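Structure, as structure tokens:
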Amino acid sequence: MTAADRAARTEAADRRCREAYEGVGGPEEGMALVAVGGYGRGELAPYSDLDVVLVHEDAIDPGEVASGVWYPLWDSGTALDHSVRGVSQMLEAAGADLKVALGLLDLRHVAGDPHLTVRLRTELLAAWRRGARERLPALRRLVVSRHELMGELAHLSVPDLKESEGGLRDAGVLRALSATWLVDVPHADLERCRRTMLDVRDLVQEAAGRASDRVVPETWAAVATGLGLADDRAAQHHVRELGRRVTHLSRLTWRRVEDVLTRPTSTRRARRPDLHPIAPGLALARGEVVLAAGARPEDDPALLLRAAAEAAERDVVLAPPTAARLAREGAALPDPWPAEARQSLVRLLAAGRGMLGVWETLEETGALARVLPEWERVRLLPHASTVHRFTVDRHVVETCVEAAGLIRFVSRPDVLVVAALLHDIGKGGLTEHSVAGEPIAREVAARMGFAPDAVDLVARLVRWHLLLAETATTRDPDDPATVALVTDRMGDAESLQLLRALTEADAKATSPKAWSSWRAGLIQDLARRGLAALDAGTAPPAITTDEVAVPEEAVRGELVVSKTVVADGCRLTTIARDRVGLLADVAAALALQRAPVRAARIWSQGEYGVCVWEVGDEHLDPAVLRERYEAIVDGRIDPVARLRPDAGSALEPAVVVRPEASEHATVLEVRAADRPGVVWLVCRALATLDVTVRSAHLDTLGPQAVDVFYLQEESAGVLSETRAAEAAHAVRAALTRPG
């Protein structure tokens, strides 16, 4: 009945205001009493003030009406927020103050001259539309500032129904954005959420007995009863779902506002098709990832995750209609997943802040249920501990965001981000969540197509993700049994390094208190002691080489390229006379074709250089690759301009010399963002120093290339310490600086 109650409260307030206006002889022309803000919308809560303005023509003196109209209202006990202004003053105030302008958009006639009210409302709306392009950036800053201060309604322990992100204030801003006519907002969906949230606010204020928009824990029972829901948890889920939906609509709308504001003002240019292919089956259109012409979702099970990864890495919108269509019509993922699907999920999880909006779209469109049905266990689940800032699902996403910043420091970034995704998947039941989560994580990781050892690693991290934090803060670090407890559970240095990163990400996503300098110091110290006990100096992987037959074309000095189609791509074998720079030139040819190199083995066989490339494109043409290679060698194509790295990468490359890894070569370990040209940049930098790459092991783990190069001097000697440092510096510079 809360909607009917709001209407009754508004009608009673209108009656009091009309009686007060008429009681002091308010004229029927040239002056009016108008309602603004929530009162203007007719949405009075039980303890709302009345926002009213006595407005008059500039030439009219409001006189005794202005001084007397408020007294009857005060005498009746009405709480007022009132003012007296001329028409020009109203327009000036709206032009000078965004908050005033937003409130006046809901202006409604109460008493006096209705024609004045209609004219004023028309002029206010026209001014809002005329100045929208100039004013919306400032409004955006106000909104972002409020979100940073108040947090997100869907995930806060004590949400504010009005000011939190996804609350009533955002719903009002969306109405104002729609009023600009620059963007469209799904009106019916927005109004459904907004009106239900108004119902919740009414119940909260009635339970509190005062004007309050914050839902404290003891209020959920009253909300559940008032809305006819089963219990407190059902009420929380319902309200958080509303906040999540408004947040989603708000973020999408603001993305579209940004696109409108940056779009060419020329009508002719704006109408041109703006579709840029970015990946198989996908294109970018006005800042949104959409399906490309000719895409066949029913034949491409990896398309949904590919689209999500592209949107997250580019920090753009995954168009909701695209996600909804892929959820509805896309081919189901097989069990186990193809490698590309797993890689795309890892890229999505490791995309940092770009993941948030994309993950939200996957949830809102039902697409996430196709990929990870287990997510429903934790969706909008509140935390029992007050230490947590967010609900369980949002905490998990924040943990993935934090883990994305730590992938440079672990050997298996793909395992790290998937463990971050699954670390709390066991919550919501009676069994301790890390115990309950281990078998779920094991099943999910196996379904994703991870190798058995990686499945074991994910499961182990989920089972013991609290081990470091609990042990470091409750046990004596100087007691050998404390370190033994950690090393016995983890078993090897790789697992402990991953656990250290997961612990940091989990704590940072929980709250500042969970990763205070004191707690961080204890955890890092215990991890260091454990790694020392496990001997963390593990050598890079050994290179496996095969003896291959050398074709006659290679003997004549040509590059020979052979291709074998495999699942999710092809395997290319290249053979040519070995020389300094050979590997760089072949890598450049692949990069110029935007061929996604997933892994490679490279070695010298006598006087020939052999490389086996695992490429994620089954349609790659060996003849075209050979032509590109020859053009590069002849100087007809310069890869530098086309393959220079982007400036300002989110994660700096890591380049480390590993002296313990080999007695016969200098081993260089390189970790960098995976993108076309990484191998070329590394090999080109080494070639300029006349350093020979004798063999290499290249791998792609999610968004990170993890490449190990075995280097020698051209005379087949190990590099000196000075030369090794020079090589590391040159590679780091090549991966960091554009140009």
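Below 12 angstrom from the Cβ of I425, what's the summed charge of the other residues (Lys, Arg +1; Asp, Glu -1)?
It works out to a net charge of -1.
Can you list the lysines whose alpha carbon sits under 21 Å from that of K508, skipping same-chain ones fewer than 8 residues off?
Candidates past the 8-residue exclusion: K427.
What shape does region 28-94 take by its C-alpha gyration tensor, where a ≥ b ≥ c are the square roots of the eigenvalues and a/c under 1.5 counts as rounded, a/b above b/c as prolate, and the rest as oblate?
In terms of gyration-tensor shape, oblate.
How high is the relative contact order of the chain? Use alpha-carbon pairs under 8 Å, at least six apart in sequence, and give a whole percent.
The value is 7 percent.
For region 421-530, how big is the tail of P(r) above 20 Å, as a whole percent of Cα pairs?
In whole percent, the share of Cα-Cα pairs in region 421-530 beyond 20 Å is 41.
So if R0 is 45 Å, what FRET efficiency would L466 and L142 give, r being the distance between their Cβ atoms, rounded to the nearest 0.05?
With R0 = 45 Å, the Cβ-Cβ based efficiency is 0.65.
Once label points are set 7 Å from the Cα along Cα→Cβ at both S88 and T262, what is their separation, rounded to one decimal in nm?
4.1 nm
Between the alpha-carbon centers of region 399-456 and region 558-628, tell me the distance in whole angstrom.
Spelled out, the Cα-based centre of one part sits 34 Å from the other.
Among DSSP bridges having both ends in the chain, what percentage is antiparallel? Round to the nearest 5.
For the chain, the DSSP antiparallel bridge percentage is about 85.
Please work out whether region 575-639 counts as rounded, prolate or oblate from its C-alpha gyration tensor, where a ≥ b ≥ c are the square roots of the eigenvalues and a/c under 1.5 means rounded, while otherwise a/b larger than b/c means prolate and anything else oblate?
It comes out oblate by the Cα gyration axes.
If you take every DSSP beta bridge fully contained in region 1-87, what fraction is antiparallel? Give it as a percent rounded to 5.
Rounded to the nearest five, the antiparallel share is 40 percent.
Helix-only mean residue ellipticity at 222 nm, the chain, DSSP H runs n ≥ 4 weighted -39,500 (n - 2.57), per residue, nearest 500. What is it?
Computed ellipticity for the chain at 222 nm equals -16000 deg cm²/dmol.
When only Cα pairs under 8 Å and 6 or more residues apart are kept, what is the percent relative contact order across region 422-520?
21 percent
Going from the alpha-carbon gyration tensor of the chain, what semi-axes, largest first and in whole Å, does one get by taking the root of 5 times each eigenvalue?
Listed largest to smallest, the semi-axes of the chain are 60, 32, 22 Å.
For the chain, with every protein chain kept in place, what is the accessible area per residue (1.4 Å probe, Å²)?
Heavy-atom accessible area per residue stands at 43 Å².
Please report, in debye to the nearest 20, how large the charge dipole of region 197-346 is about its Cα centre when each Lys and Arg carries +1 at its beta carbon and each Asp and Glu carries -1 there.
800 debye
Report, ordered by chain and residue number, the lysines lying within cross-link reach of K99, taken as a straight Cα distance under 18 Å and ignoring same-chain residues fewer than 8 apart.
K162
Assuming R0 = 35 Å, can you tell me the calculated FRET efficiency for the pair A324 and Y47, based on Cβ-Cβ distance, to the nearest 0.05?
0.30
How far is helix 114-130 tilted off the main Cα axis of the chain, in degrees rounded to 10, range 0 to 90?
In the chain, helix 114-130 runs at an angle near 20 degrees to the longest axis.
If you average the sequence gap of Cα pairs under 8 Å that are 6 or more apart and divide by the length of region 561-650, what percent do you get for the contact order?
33 percent
Want the number for D535 to E19: 0.36 nm per residue separation, take away the alpha-carbon distance, what's left?
That works out to 177.2 nm of additional length.
First compute the accessible area of the chain with a 1.4 Å probe, then give the percent of it belonging to carbon and sulfur atoms.
Here it works out to 51 percent.
The values are calculated or read from the model by the stated rules, or taken from the named source; none is laboratory data. Here the structure is a predicted model, which is why all the values come from computation and not from measurement. Note that we place each Cβ from the backbone using ideal geometry, even for glycine, and neighbour counts take in every protein chain shown. Areas reflect the complete protein model, heavy atoms only, side chains present, ligands, DNA and RNA absent. Shrake-Rupley method; radii C 1.70, N 1.55, O 1.52, S 1.80 Å.
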